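The structure appears right after this line, and notes come after that.
Just so you know, all these numbers are worked out from the coordinates, no wet-lab data involved. On a predicted model such as this, the values are computed, not experimentally measured, just so you know. Virtual Cβ from ideal backbone geometry, glycine too; neighbours counted across all protein chains shown.
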Amino acid sequence: MSGKRKRVVLTIKDKLDIIKKLEDGGSSKQLAVIYGIGETTVRDIRKNKEKIITYASSSDSTSLLAKRKSMKPSMYEELDKAMLEWFNQQRAKGNPISGPICAKRAEFFFYALGMDGDFNPSAGWLTRFKQRHSIREINIRNERLNGDESAVEDFCNNFRDFIERENLQPEQIYNADETGLFWKCLPSRTSGIKGKCTVSGHKSIEERVTIMCCANATGLHKLKLCVVGKAKKPRSFKSTDTSNLPVSYFSQKGAWMDLSIFRQWFDKIFVPQVREYLRSKGLQEKAVLLLDNSPTHPNENVLRSDDGQIFAKYLPPNVASLIQPSDQGVIATMKRNYRAGLLQNNLEEGNDLKSFWKKLTLLDALYEIAMAWNLVKPITISRAWKKILPTIEEKEGLDFDEEDVSVATVATILQHTKGLENVTTENIEKWLEVDSTEPGYEVLTDSEIIRRAQGQTDESSENEEEEIELIPEKHINHAAALQWTENLLDYLEQQGDMILPDKLVIRKLRATIRNKQKMTTSS
């Protein structure tokens, strides 16, 4: 008769490891044996997966997660939720957070939530709050303010020591950052921005997605853009397989990045693509992803490959605004490329601008923003790392005379765009910068934090229908498609300046349509 199994109490980190192994196909029975626990415990961990990941993602310390064994809630659970939301937003903005500031804010939320009794935000309460959420430190006095130059120097020196210890090359050092994009926003002849502000005679429209750029410090490995839209399957996608899009597309009801999406992106896209790239370069499959303190970025312990060789590291809150590489002109260049590209497309197609913008769909925008990202040159990205890695080598053959899309460039295009010939330089600049400070995460007001802590949701968001784009349903049969390719080939043959690859692509497309037609006829 076997002896009674010794009771094992797992840490939060142990539970995260089990979740990852379950996702990779591990069986409950095998994991129960490895960790010395019952299969029922493994099944409970699987059942509470999202709760465990959310708790770990909002924690501030990997070492504390390795010690903590429970997710015991506060007796003031609503207050705890409100304070954590507020704390994460303040840290993301780089605002100073001290013990007295936290105490004052906790007292405000206690009474704003309508909680009963008296509340004393003592030092003991603050200590327990930090422990519950694995927050490393909240200073007694104010932290140094956002944009502290001496803190930048400290971080850069520590980071360089870190990459030397880890033996990491620039090819193995990555940065990712989110931003909002108003993808259907026109320059205006007035002081407003059409598409974001109400313009006389037009309904106000605010078409917005979140975009995340990610590249290594050399700029030679740019991952596909990660885009978060509202609808899971926007109507403009029609029969398009999202895996074939030029971007990695996710959906969230507010088109915001969130903890779940970021973790999926890291595990399913970032890690595999980085491994493949490093393998192709003959480098060790080891890399670090440098991130800011956005509330949508999970804890370092969650953002780690199975073998621990690809992992995340965070910029201190008070330096991110000064040295985050993506914010040093990389995202701005991509957005300028995007907007100039849209205007150029309209000009080349000879469309009425109003008609062009009306027909512009999210699918069109995704292809255009992917092209805009492709046009961001490696030198733009590598130069953005200069504050952190001043000795980074500038690769031979790169264009050192690169110029960003300028106001003058856009003005030249607009001179040939009917209806926008007289847009002022000031309005062009406003248009190019319209979403320059738009975050990729949802920023909540105090009232919204309170409603969320109380479990209230925005009904309009919950009931919101999938994105509506006025695209008429149109079925095209094989015969019609074949005729169009025949006509296009005839046209290309008449154009002496058309290059051979263009014709070959259309011929291959024609052959594909013919095969589909034959299969339909024979079935």
Highest mean packing first, using Cβ neighbours within 10 angstrom, the peptides 106-118, 360-372 sort as 360-372, 106-118
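Going by average Cβ neighbours within 10 Å, how do the peptides 311-319, 268-276, 28-36 rank, with the highest at the top? Intermediate results must be reported in sequence, preceding the final value.
Numbers: 311-319: 20.3, 268-276: 16.9, 28-36: 14.7.
Per-residue Cβ counts within 10 Å, averaged per peptide and sorted highest first, yield 311-319, 268-276, 28-36.
Too long at a 25 Å Cα-Cα cut-off: which of 354/430; 230/335; 81/222?
81/222
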Cα-Cα P(r), segment 77-133, percent of pairs per 5 Å interval
4, 18, 32, 29, 14, 3, 1
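Using a 10 Å cut-off on Cβ atoms, rank the peptides 445-451, 175-181 from the highest mean neighbour count down. Don't skip to the end; give the middle numbers.
Working: 445-451: 14.3, 175-181: 23.6.
For the peptides 445-451, 175-181, the packing ranking is 175-181, 445-451.
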Which whole-number percent gives the relative contact order of segment 77-133, counting Cα pairs below 8 Å spaced six or more residues apart?
38 percent
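Given the pairs 184/386; 281/516; 313/377; 15/268; 238/268, which are separated by over 29 angstrom at their Cα positions? Display every interim value, and only then the final one.
Numbers: 184/386 33 Å; 281/516 40 Å; 313/377 25 Å; 15/268 20 Å; 238/268 25 Å.
From 184/386; 281/516; 313/377; 15/268; 238/268, over 29 Å: 184/386; 281/516.
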